Each structure stands twice: as C-alpha cells, then as structure tokens.
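Bear in mind that the values in this text are calculations on the coordinates, not laboratory data. Just so you know, these numbers come straight off a predicted model, no measurement behind them. For neighbour counting, all protein chains shown are included, and Cβ atoms are generated from backbone atoms with ideal geometry for every residue, glycine included.
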Amino acid sequence: MKAKVTIVGAGSLGMLFGGRLAAAGVAVELVVRRPEQGRRLEAEGLTLGVAGGGAQAPLHVRPAVRLLEGSDGPDRGAAPGGHWVLLTVKQTAVTPGFAEALRRLLPEDAVLVCLQNGIGHAEVLAEAFPLQRLLLAVTTEGALKQTDTEALHTGKGTTWIGAAAGEGGSALSVQKNLAALLERAGFRAEVSNNIQQRVWQKLLMNAVINPLTAILQVPNGELPLLPGVPQLMRELLGEGEELARRLGIPLDPGLWEQVLSVCRATAANRSSMLQDVLAGRPTEIGAINGGLLREAQRLDVRLPVNETLYTLVRALEEKGRHTRGQPATMPIESGDED
Ligand SMILES: NC(=O)C1=CN([C@@H]2O[C@H](COP(=O)(O)OP(=O)(O)OC[C@H]3O[C@@H](n4cnc5c(N)ncnc54)[C@H](OP(=O)(O)O)[C@@H]3O)[C@@H](O)[C@H]2O)C=CC1
Ligand SMILES: CC(C)(CO)C(=O)C(=O)O
C-alpha cells in the first residue's frame, strides 16, 4: 500500500524530509506559499546535499508541488497506506488563520505531524484538527535551505513521535506506522510515550542557546567559551528546569551536559535564531523563551533571565525590521578604535 506525504513548508526541514522520502519511493507533495518557489520546484525538482558529504552525490527528486492558497482543496482517497502531512513551517506561521487554511486543504483522513521547535503551535492546531489526527514530533536532524530548490542535510539525528496532549490522542499504531515510514527513508525514528518530555528538553536547550547566540552573534561552539556566559546559560536552564518541575514535566537529570554537548556538536553552526536576526526575519523567540514565559505567567512565577533575553531578542527583531537589507551588525566607526 502506497503512503502519501504532504510537506507543508518547503524550507530547510521540509526539503530534507521531502527529499529523502521521495528518494525512498514515497509519493511526496510539497505545499508552498510563494508561486515563484512553486514554479522553480516544478521546473528544477528538489536537490538535497549532505554537508561535508565529499564525493557523495546529492539526491535529486521531482515531488509534486502545489500552493497553500488558491489550491483546489482536498485531494481525496489517494493514499491507501496512509496520508501524512509533515508541517515544517516556523512557529511564526502557525496562526489560527493558517490552521483553518490547512484544515480546508487537507483530506479528512490525513494525519498532521508538527515538527516545530518551541511550544504553542499544538494548541493553535488543535482548534482546527481533532486530536486523533495530530502528532507531535521532535527532531534533532539538522537541515539548511540553500535556495528555493536546494537544501543541505547538516547533521543526522533522531526524530521522536508522539500523541498531542489531551484526551483521544492518536493511536499508537498510527505513530508506529509513521516511524516505520521515516526509517524507510533512512531517518532514525522512535515512538515516544512521553513526547512532552522530549518537547520540553529541546525547548530548554533552544531557550539557552538560541537567544544568547542571537544577541552575542556567535556560532554555537563559542557560547560556553565566552567569559560569564556559562553562568548565564546555567541560570536560563535552571529557570526552565524549575518551571518544568512545577508543571510536572519530567526531564533528564543531565540536561546541562546535553546543552554543552549540543554546543560542541554544532560548534560551527549559527543557531536558527541568529540566522533569523541576521536576515532581518522574525524569530521563534515567542514560542521558545516566550513559550516559557507564558507557562510561568499561568503559574504566577517569574523567570527574570528569560524575560531579559526575550526583551533583547524582540528589540533585535524590531531593529531588523527597520534595517532589512542592510547588515544586521553595527559597522565599527574608525573613531571607535583607541
Ligand atoms: N532546520 C532545522 O535543522 C530544524 C528546524 N526545526 C524546526 O522546524 C521548523 C521549520 O524550520 P526550518 O525548516 O528551519 O525553517 P525554514 O524557514 O527553512 O522553512 C520554513 C518554510 O515554511 C514556509 N512557509 C511559511 N509560511 C508558510 C505558509 N503559510 N504556507 C506554506 N509554507 C509556508 C517558508 O516559506 P517562505 O520561503 O515562502 O517563507 C519556508 O519554506 C521550525 O519550527 C524549526 O525550529 C527543528 C529541528 C531542526
Ligand atoms: C540545537 C540548535 C541550537 C542547533 O543550532 C537549534 O535547534 C537551532 O539552531 O534552532
């Protein structure tokens, strides 16, 4: 039975999953929002390379392409082996209007799989999709879009799949089928019976690394080497760990070591938040540190370090909005030097 995968958001992660699944013979469809990207993908296909892959030839595939807006609506009954929709847009795109447009676009038997970092998206999507058709996924795969038709696989990882929180979540068999499909495409995939723990562990990792790299404008590996910064990182993590404890979300005991190990493993990488700031794009701060702040507010708890970094990244976003197209770092005036 042939499964079908619709990828909504043909950016870094969407091209990685779409490219590998299509190369494994799965029927893949890319849903894009810009007609220009749609035309290029139709004409040129999708190319997926491996960072540092040496002589390894990039994959080249030709998935189907359609636009989110102005599409003909659901394509019914086309997937006897299951219809999966991998949602690979950023958190900033997941609004109630977007969730409603998705609901209109997708057939009633499709299962929506959310791959976003941060928190908040599941609640928005749950307003438009029944919980048995909503899965959460946390991935440590790394991908980087190069052009509208090309991406690089920058790091192999694991993808954990689980049910969205609440009564009447998706069946275990559905989660297992998706994991098997991803494994067929060469990904490491596992079903998790505590996906909230995975979500929060990634959230706390992002809440430490992303805003600090965006503010200090350094690659991930430099962060723990800067004077005073490890202390700040520990304070940020400590606030998140205490909040998780109050919410009853279990966490691995060695998260600090994991943060340092991610900094080392991705030492040369610019975090996604730094990339967004440098490009003058909105960041995912609202779903990462902002997500923690919303949860803290519900419990009437303060997270002072997270609050400060949240404010600074929002200020950087605002600055980027006014200077888009110009370098995001301040030029050094000749008179600044002693
Ligand atoms: N990249 C990575 O390695 C990882 C990313 N993640 C998470 O995955 C999510 C996606 O990240 P990433 O792939 O890096 O982001 P990108 O910005 O590379 O890709 C997002 C894509 O979504 C598209 N998009 C935005 N709005 C819509 C819309 N309304 N309809 C259709 N497409 C839309 C964008 O299109 P356009 O170009 O037109 O704006 C873009 O192609 C984020 O939450 C991120 O934190 C998680 C783990 C790893
Ligand atoms: C883990 C980390 C920090 C890797 O860069 C990441 O997920 C991101 O950049 O958003």
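Per-structure values
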quantity	calculated
Relative contact order computed over the chain (Cα-Cα under 8 Å; 6+ residues apart), in percent	14
Placed amide H near ARG66: partners under 5 Å, 5+ positions off or other chain	LEU30, VAL31, VAL32
In sequence order, calculated HN-Hα J values of region 191-206 (Karplus, 6.51, -1.76, 1.60; Hz; x Gly/Pro)	7, 10, 8, 9, 5, 4, 5, 4, 4, 6, 5, 5, 4, 5, 4, 5
Sparse-neighbour loop sites [GluC sites (Glu not before Pro); region 86-144; at most 16 other C-beta within 10 Å; DSSP]	GLU108, GLU127
DSSP loop trypsin sites (Lys or Arg not before Pro) with at most 12 other Cβ within 10 Å: longest gap in the chain	157-301
Along principal axes, Cα extents of the chain, largest first, whole Å	67, 47, 38
Centroid-to-centroid separation of region 1-28 and region 122-152 [C-alpha atoms, Å]	12
Karplus-derived 3J(HN,Hα), 6.51/-1.76/1.60, for each residue of region 41-54, Hz, glycine and proline x	5, 5, 6, 9, x, 10, 10, 10, x, 10, 4, x, x, x
At R0 = 25 Å, FRET efficiency that the Cβ-Cβ distance of ARG302 and ALA165 yields, to 0.05	0.50
Where only C-alpha atoms are counted, convex hull volume of region 197-322 per residue in Å³	93
With Cα atoms, 0 to 90° folded angle of helix 229-247 axis to the chain main axis	50
Eligible aspartates and glutamates near LYS90 by straight Cα distance, threshold 17 Å, same-chain separation 8 or greater	GLU100, GLU123, GLU141, ASP148, ASP276, GLU284, GLU317
Cβ-based net charge around LEU21, under 15 Å, with every Lys or Arg adding one and every Asp or Glu removing one	+3
Mean ellipticity per residue at 222 nm, deg cm²/dmol - from DSSP H runs of n ≥ 4 across the chain, formula -39500 (n - 2.57)	-13000 deg cm²/dmol
Full-extension gain in nm, GLU183 to ARG66, via 0.36 nm per residue minus C-alpha separation	39.5 nm
Residues of region 8-31 with amide N under 15 Å of a point placed 7 Å along Cα→Cβ from ARG294	none
Whole-number D in µm²/s for region 4-193 (Stokes-Einstein; Kirkwood sum over Cα pairs; 25 °C, 0.890 mPa s)	148
Between 0 and 90°, nearest 10: helix 12-23 axis offset from the chain longest Cα axis	30
Between 0 and 90°, nearest 10: helix 289-298 axis offset from the chain longest Cα axis	90
